[in-house]
Amino acid sequence: MEWISDVSVGDWLRARLDDDWSMHHFVPHGYEAYARVFHPGFVHRAPDAVEHPATWADAAAAFGTTLHAQASWQHLVRTPSDGDWHSRIAPDGREFAAPLEGALDAGILSRLVDHLSTHTTTPDSCVAAAWEGWGGMLGYTGTGPSQASLSFSDDEVHQQVLRQSFRNPFENPFQRATWQPGVLSDEISKGARLELPDRGHVLFSSSLSDFADPEWQSRAPWGDQPLSLLWPADRAWVMVSEIDFDSTVVAGSHELVRAICADPAIEALPIRESSSPHWDSDEINR
């Protein structure tokens, strides 16, 4: 995968997005069909501390709710208005944890690649995008390492170590800002971004074969951060893993969407164009 400095390759995508808060704030208009690929949640039964992947259908069955194309995890696990939807105890005693947002499971991506590759004429000529805001990915001018990385750990000990490692600029008002390198090179860090509504992305040339191996992140230029966007040169489809979505949306042909939704290894449902991704758009499980 090589960095793409000319971000105009993504201009077509920007032109198909809306300013409203339908899914088309992030997912382009103009495709025959759309598939919502649900990111797996996690489940365990006390006192077993080992978490296992949980489908949305598993959660719906456990809580007596209904899985449908616009289901929200919060309503699926019957979260009260003042409750925490990140972790919910089902009537059978199992604890369900919410899916990851903005990160499609590598094994599911690998399976998706099988379908995506047969629905494009350019499987070896694709554009992959990583959101610019992942902590530590890009360098910047400042007085210490990016504190954005604090947002991506639930380990309180790790959080405390990180907090202690950052200097408070008010403790040294004469400290000068210097360039803080990131995972990507300084040239990439200072280069152009594909600017979409409320999101900037760094672009890379890629092949679908780059993502066929579930270990692809070990070889990605941007490190172990998720893939945000992927499309082939012929634009036959586009895959969007928006950072605030607990699902990935694939836009493409009717045939592609049917194939994805029929694959037993992928939990996915067709979703209507202009659907809302908002957590409170689930009218069935309220």
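Observations on the model:
- The single condition from (1) open to solvent by 70 Å² or more (accessible area, probe 1.4 Å); (2) more than 21 Å from the chain's Cα centre (by Cα) that Asp114 fails is (2).
- Taking (1) under 30 Å from Asp234 (Cα atoms); (2) aliphatic (A, V, I, L, M); (3) surrounded by 17 or more Cβ atoms within 10 Å (Cβ to Cβ) in turn, Val9 satisfies each apart from (3).
- Thr143 passes every criterion in (1) in contact with a helix residue (DSSP H, G or I) (Cβ under 7 Å, 6 or more places away or on another chain); (2) crowded, with 20+ Cβ neighbours inside 10 Å; (3) modelled with pLDDT under 95 apart from (2).
- Matching residues, the stretch 50-75, being among the hydrophobic types (A, V, I, L, M, F, W, C) and either within 20 Å of the chain's Cα centre (by Cα) or open to solvent by 30 Å² or more (accessible area, probe 1.4 Å) (or both): Val50, Ala54, Trp56, Ala57, Ala61, Leu67, Ala69, Ala71, Trp73
- Positions within the stretch 186-234 being in contact (Cβ under 8 Å) with a residue 60 or more places away in the chain, outside any strand (DSSP E or B), out of contact with any Asp or Glu (no Cβ under 6 Å at 6 or more places or on another chain) and among the polar types (S, T, N, Q), in sequence order: Ser209, Gln225, Ser228
- Tallying residues that are buried (at least 17 other Cβ atoms within 10 Å of the Cβ) and aromatic (Phe, Trp, Tyr) within the stretch 269-286 yields 0.
- If you filter the stretch 12-32 down to residues that are under 23 Å from Ser125 (Cβ atoms) and among the aliphatic types (A, V, I, L, M), you find that the one that is surrounded by the most Cβ atoms within 10 Å (Cβ to Cβ) is Val27.
The values are calculated or read from the model by the stated rules, or taken from the named source; none is laboratory data. None of the values given here were measured: they were computed from a predicted structure. Counting neighbours? That spans all protein chains shown, and the Cβs are built from the backbone with ideal geometry, glycine included. With ligands, DNA and RNA removed, areas are computed over all heavy atoms of the protein, side chains included. Shrake-Rupley method; radii C 1.70, N 1.55, O 1.52, S 1.80 Å.
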